[in-house]
Amino acid sequence: MRAKELLDKYDSQRDYSPVYVEFAKYGFSTKVAKRAIDYYSSIDTPIERLKKNPYDLMEIPGLGFKKIDDKCLEHGIAENDPRRIKAFLVDYFEQLEMDSKSWIPVAQLKAYLRNEIFNCDIAETFKKLNADKNFVIFEREDEKRIALRTIYEMEKKVAEELLRIKNGSSDVELQDVDKVIGDIEKEQGWSYSTEQRDAIDTMLKENVVILRGPGGVGKTPTLNAVIKVLRHNGVSVATCALAGKAAENLTQVTGLRGQTIHRLLGIGSPFEMKDQGLEYDVIILDELSMVNLGLFSELVRTIPTGAKLIMVGDSAQLDSIGIGVMRDAIASGTIPVITLNKIHRQAQE
């Protein structure tokens, strides 16, 4: 406590006036200047960043492109200044990410730049983009596309991990499948439809699979049958979801302790586990549509080869904040997708 008081006293006596003066030239308030000082833990660095490239200040929380750009234009920075164009692109791709998009066609971006940046040198801009390690230009489906490299590499890594899990081999041989399912049907008082039984068989057979459908089509009882067959054969199963409420629902409907993805991975716990492999034979992920790319990437890299990943989703649910994975996983045509459509009597009643 005493040390903090001394640091606060020292901090209050430091001379921040050089930063205030330089930031004031751009029209920034002393509050913004102080935020830059706190972020860089320095008096010299904010001034250096401001003089070299004011748009670098976008990395400071709360200082977005629009706020900085307005000050820069007022200060005399040209609309087609290369620094402004690059900052404009970074901001644009961040907005794309918030809209769950990870790339844009090059032709569309060129048209956008022509409309938004006065006298933009398109050829020179794309020459710099090609040499910029923060962006990647690639070709898919006879179309040139551009993406932030971090997102591109993350999506590529997720695809590789899913293929690793999908193609893994397991020495588990499931016994008494029909008997277990027959016992479940007797207990619940109704039989699974052909659609549901096919779904159960696919989930037991495949290493990576997506089960989707709206409410009332029987996703939960179908999933429960899979869980009971697996547990009958001594297979360890973990269930998880993005939100705590969804994890609680998993506990109630499956009888297994549901966890948030963060808790399963140990993210934020004093005993960090996310760099270790998960010690389960099967991972069931609910509410797939709400899981973003970053968290999904953390999950799949910890699933051991030979394990299963069963993903459950409903296209009617809210989308993820940021880039999602469900739509692209389905569109890939590589992962088996089970779609339940028929509303069952139990749900109708």
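The values are calculated or read from the model by the stated rules, or taken from the named source; none is laboratory data. Here the structure is a predicted model, which means the values were calculated and not measured. Don't worry about glycine lacking a Cβ; one is built from the backbone with ideal geometry, like all the others, and counts go over all protein chains shown. Heads up: the accessible areas ignore ligands, DNA and RNA and are worked out on the full protein's heavy atoms, side chains in. Shrake-Rupley method; radii C 1.70, N 1.55, O 1.52, S 1.80 Å.
Carbon and sulfur: what percent of the chain's accessible surface (1.4 Å probe)?
The computed percentage sits at 49.
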For the stretch 76-117, accessible area per residue (1.4 Å probe, heavy atoms of protein chains only), Å²
53
Determine the percent antiparallel among the DSSP beta bridges restricted to the chain, to the nearest 5.
30
Using Cα atoms only, what is the angle between the long axis of helix 219-232 and the major principal axis of the chain, expressed in degrees (0 to 90) to the nearest 10?
70
On C-alpha positions alone, give me the angle between the axis of helix 65-75 and the longest principal axis of the chain, in degrees, nearest 10.
10
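With a/c under 1.5 counting as rounded, go ahead and sort the stretch 165-222 into rounded, prolate or oblate using the C-alpha gyration tensor (a ≥ b ≥ c being the square roots of the eigenvalues; past the cut-off, prolate if a/b is larger than b/c, else oblate).
Cα axes put the stretch 165-222 in the oblate bin.
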Roughly what angle does helix 194-205 make with the longest principal axis of the chain, taking Cα atoms, 0 to 90 degrees, to the nearest 10?
70
Nearest-10 value in Å² for the accessible area of THR339, using the 1.4 Å probe:
50
With a cap of 16 neighbouring Cβ atoms within 10 Å, and only residues DSSP puts in a loop, list the trypsin sites (Lys or Arg not before Pro) found in the stretch 86-118.
LYS101
Put a dot 7 Å past each Cα toward the Cβ at LYS166 and GLU116; how far apart are the dots in nm?
3.3
Ranked output for segments 183-191, 219-227 by mean other Cβ atoms within 10 Å, highest leading, reads 219-227, 183-191
About the Cα centre, and with charges only on the beta carbon of Lys, Arg (+1) and Asp, Glu (-1), how big is the dipole of the stretch 87-219? Nearest 20 debye, please.
560
Of all the Cα-Cα pairs you can form in the stretch 23-140, what percent are over 26 Å apart?
25
So for the chain, using the alpha carbon gyration tensor with a ≥ b ≥ c as root eigenvalues (a/c under 1.5 gives rounded; past that, a/b versus b/c decides prolate or oblate), I'd call it prolate
Consider a paramagnetic label point 7 Å from the Cα of GLN252 along Cα→Cβ; state which residues of the stretch 191-223 have an amide N under 19 Å from it.
215-223
To the nearest 0.05, the calculated FRET efficiency linking THR305 and GLU187 through their beta-carbon distance, R0 being 51 Å, is 0.90
Taking every other residue with Cβ under 13 Å from the Cβ of ALA238 and scoring Lys and Arg +1, Asp and Glu -1, one gets +1
List nothing, just return the count: lysine pairs in the stretch 121-223, 8 or more apart or interchain, with Cα separation under 30 Å.
26
